[in-house]
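A.B. asks: This structure is in structure tokens; I'll ask about it shortly.
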Amino acid sequence: MSQLEPLIADLALILICAGVMTLLFKSLKQPIVLGYIVAGFLASPNMPYMPSVSDMHGIHVWSEIGVIFLLFALGLEFSFKKILKMGAAPIIAAISIILAMMYVGAFTGSLFGWSDMDCIYLGGMLAMSSTTIIFKAFDDMGLRQQRFAGLVLSVLIIEDILAIVLMVMLSTLAVSKEFEGSQMLQSILQLGLYLVLWFTVGLYFIPLALRKLKPLMNSETLLIVSLALCFGMVVAASAAGFSAAFGAFVMGSILAETVEAEAIEHLVAPVKNLFGAIFFVSVGMMVDVNLIIEYIVPILSIIAAVILGQTILSTGGFLLSGQSLKTSMQCSFSLTQIGEFAFILATLGTSLHVTSDFLYPIVVAVSVFTTFTTPYMIRLAEPAYHALTRVLPAGLIAKLERNTDETDDKAPNELQQLWNDNFKRFIFNMLINTVLCIAIMSIMFYYGQPMIAGIVPEKWVHAVTALIGLILCSPFLWMLMKAGADSPDVDKLWASGSRWRVRITAFGMLRLIITAIFVSYFVDYAIPQSSLLGIFAIVAILFIIYYSTHLEKQSKGLTKRFTDNLSARERANSQKENKDI
């Protein structure tokens, strides 16, 4: 008789417990996620009256895969374009909430005399609400299409991105015992660079590849290709020093802009549900009843800090971002839990040996309780709003509801709106092309130069490297310097008075200066210590790039392909709706 592998037996136990608990919690109309956590507790070594798993390392690996699938599916549902459409409101709200809740967490830990590191890490754990739990709650309650739900999900995505920065900061603090400002700034800039680069390059090539391969695609091949792209980005993100979950989210957001997004989401859903269940079950395995009893007072205090801190301080954060009182309360009541990032951060503190052993089970206990209360808190938001309006003075309520994003009907005049639209396009153009030029320079200097050194004489290596890099960057330098400068909108603004001419001229000078910096870097790399010749070369190259019709045609082709890919899904949905009509 063959011996069954322990990992397979563990998987059987996990799925049996999870299946029973999910059916039970579904019948009780409770969150299924909570059923998974309870199943994990029942299957864990901490529960002596039932069979328990034997290979915790294997379960941990599967749970990491679960996080990857959860974030990949989230990216498919919620793309970066949706965040941009929400404007500055979610950014302001997310930053306000994170800062406020970090202080609440650190202050709560200090009340119990915990170490500084325990307090700081606790603050980080409380600062991030659970994307997966809220996403699941909105889905189960049919609220995902409401405006406040879109705003909450925007804030959660920004929190997930800022969580990467927070992890870098806390890791640095744990190792050096002090904040290194320059290192923190470098990490933030690196994160922004990789984010823009991955999204731009991915959105340019991946939709094109999927269109070319469409005749070969069926459900099976599309699933395999999608997962290959997902895990490829996971490896790339890990190699760049970021979390695997972050890479999965980025790839999901790229595929969200493709025509195949809905089909990919449908195909990935069963795999996501399986490994996502294993992740939440593994969280439940960390529940230790003895530690919960021992630290019941801190647990209850942290639960109160999460619920009161989010409902009060987060409401202030959303009000600060320009939302009405009702919307702010609906958003803040939805955020009253801690989730998967808290577990990741707790694991980080444990692996670096800077946090106490009791912190992880405490955070799990708080997460279980706040997960259970999340649907009830979401439902409580509107009654709480009506109760508050009966208590607060009418004048204060009117002031809170006035001049918000939802009630402000005062539109800018036509010229101001024209400038605002073009200014956003200019900034987007500068950001994308600057990042692409930096990426090409980095690739050429770090990877291309060693290859060139094996082909050309040593004295020509720098010059050839700089020349090839400049040629590759030239279409993006043209776009950086000139794209959109001769549009009808700009011509209309230019003809409308000196006020607009000054703005257009100043912005044009800024674009020229940034382009000149890139060109001067290539020139200095090719012919160092040559001031007059270098200046002449810079001016000549800028002149050639500016007036090159070939670069103009090439750049416009690249831009058209990128914008077509970016709007492909919207066009496909529009055509489908027209056919249905």
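A.B. asks: Is any residue of the stretch 298-328 close enough, with backbone N under 19 Å, to a label point placed 7 angstrom from the Cα of F107 along the Cα-Cβ axis, and if so, which?
C.D. replies: 298-320
A.B. asks: Using a cut-off of 15 Å between beta-carbons, work out the net charge of the residues near T311 (Lys and Arg +1, Asp and Glu -1, T311 not included).
C.D. replies: Details: positive: K326, R379; negative: E382.
With Lys, Arg at +1 and Asp, Glu at -1, the net is +1.
A.B. asks: Here is a follow-up. With the crude spin-label approximation of a point 7 Å out along Cα→Cβ, what separation in nm comes out for E77 versus V502?
C.D. replies: 4.9
A.B. asks: Please list 263-272, 415-424 highest first by mean number of surrounding beta-carbon atoms within 10 Å per residue. Don't skip to the end; give the middle numbers.
C.D. replies: Numbers: 263-272: 17.0, 415-424: 14.1.
Averaged packing, sorted descending, gives the order 263-272, 415-424.
A.B. asks: With Rg and the Kirkwood Rh both taken from Cα atoms, where does Rg over Rh land for the chain?
C.D. replies: On the way: Rg = 26.8 Å, Rh = 26.7 Å.
With Rg and the Kirkwood Rh in hand, the quotient comes to 1.00.
A.B. asks: Related question: I want the local charge near P45. Using Cβ-Cβ distances under 13 Å, sum +1 for each Lys or Arg and -1 for each Asp or Glu among the other residues. Kindly include the intermediate steps, with their values, before the conclusion.
C.D. replies: Numbers: positive: none; negative: D10, D55, D288.
Spelling it out: positives minus negatives among the neighbours equals -3.
A.B. asks: Ok, one more. Along the charge dipole of the chain, Cβ charges K/R +1 and D/E -1, which of L431, C17, L274 sits furthest on the positive end?
C.D. replies: Looking along the dipole axis, the top candidate is L431.
A.B. asks: Quote the charge dipole size of the chain about the Cα centre in Debye, to the nearest 20; the model charges only the Cβ of Lys and Arg (+1) and of Asp and Glu (-1).
C.D. replies: Numbers: 36 positive and 40 negative charges, 378 e Å.
About 1820 debye.
A.B. asks: Do you know the relative contact order of the chain, to the nearest whole percent, from alpha carbon pairs under 8 angstrom that are 6+ apart? Spell out each step's value before the answer.
C.D. replies: Values: 686 pairs, mean separation 110.7, N = 581.
Result for the chain is 19 percent.
A.B. asks: H266 to F205: FRET efficiency via 1/(1 + (r/R0)^6), r the Cβ-Cβ distance, R0 22 Å, to the nearest 0.05?
C.D. replies: Details: r = 24 Å, r/R0 = 1.07.
Efficiency computed from Cβ-Cβ geometry: 0.40.
A.B. asks: Still on this model: I need to check one value: relative contact order of the stretch 213-317, counting alpha carbon pairs closer than 8 Å and at least 6 residues apart, in percent.
C.D. replies: Details: 34 pairs, mean separation 17.8, N = 105.
Relative contact order for the stretch 213-317 comes out at 17 percent.
A.B. asks: Under 22 Å between alpha carbons: how many lysine pairs meet that in the stretch 417-575, if sequence neighbours fewer than 8 apart on the same chain are excluded?
C.D. replies: Here the count comes out as 9.
A.B. asks: Could you please report the charge total around A106, scoring K, R as +1 and D, E as -1 over all other residues with beta-carbon less than 11 angstrom from its beta-carbon? Could the numbers behind the result be given before it?
C.D. replies: Numbers: positive: none; negative: D116, D118.
Around A106, the charge tally is -2.
A.B. asks: Suppose the Debye formula is applied to equal point scatterers at every Cα of the stretch 266-413; what is log10 I(q)/I(0) at q = 0.11, 0.14, 0.20 Å⁻¹?
C.D. replies: Debye curve over Cα of the stretch 266-413, log10 I(q)/I(0) at q = 0.11, 0.14, 0.20 Å⁻¹: -0.60, -0.83, -1.17.
A.B. asks: Further question: Give me the Å³ per residue figure for the convex hull around the C-alpha atoms of the stretch 405-495.
C.D. replies: Expressed per residue, the convex hull around the Cα atoms of the stretch 405-495 is 101 Å³.
A.B. asks: What list of whole percents do you get for P(r) of the stretch 417-575, with Cα-Cα distances grouped in 5 Å bins up to the one holding the largest distance?
C.D. replies: In whole percents, the pair-distance histogram is 1, 8, 15, 17, 17, 15, 10, 7, 5, 2, 1, 0.
A.B. asks: Using the charge dipole of the stretch 417-575 (Lys, Arg: +1 at Cβ; Asp, Glu: -1 at Cβ; taken about the Cα centre), state which of V490, G448, A540 has its Cα farthest towards the positive end.
C.D. replies: Projecting each Cα onto the dipole axis, the largest value belongs to V490.
A.B. asks: Charges at C-beta only: +1 for Lys and Arg, -1 for Asp and Glu. How large is the resulting dipole of the stretch 417-575 about its Cα centre, in Debye rounded to 20?
C.D. replies: The calculation lands at about 440 debye.
A.B. asks: Most exposed first by the Cβ proxy, i.e. fewest other Cβ within 10 Å, how do M167, M285 rank? Working shown, then result.
C.D. replies: Values: M167 19, M285 25.
Ranking M167, M285 by Cβ neighbours within 10 Å, fewest first, gives M167, M285.
A.B. asks: For the residue pair K26 and I471, what label-to-label distance in nm results when each label sits 7 Å from Cα along the Cα-to-beta-carbon direction?
C.D. replies: 6.1
A.B. asks: Still on this structure, I have one more. Averaging sequence separations of C-alpha pairs under 8 Å and six or more residues apart, then dividing by the length of the stretch 417-575, give the relative contact order as a whole percent.
C.D. replies: Rounded, it is 26 percent for the stretch 417-575.
Throughout, read-outs are computed from the coordinates displayed, never taken from laboratory work. These numbers come from a predicted model, not from an experiment. Here the Cβ is made from the backbone with ideal geometry for all residues, glycine too, and neighbour counts use every protein chain on show.
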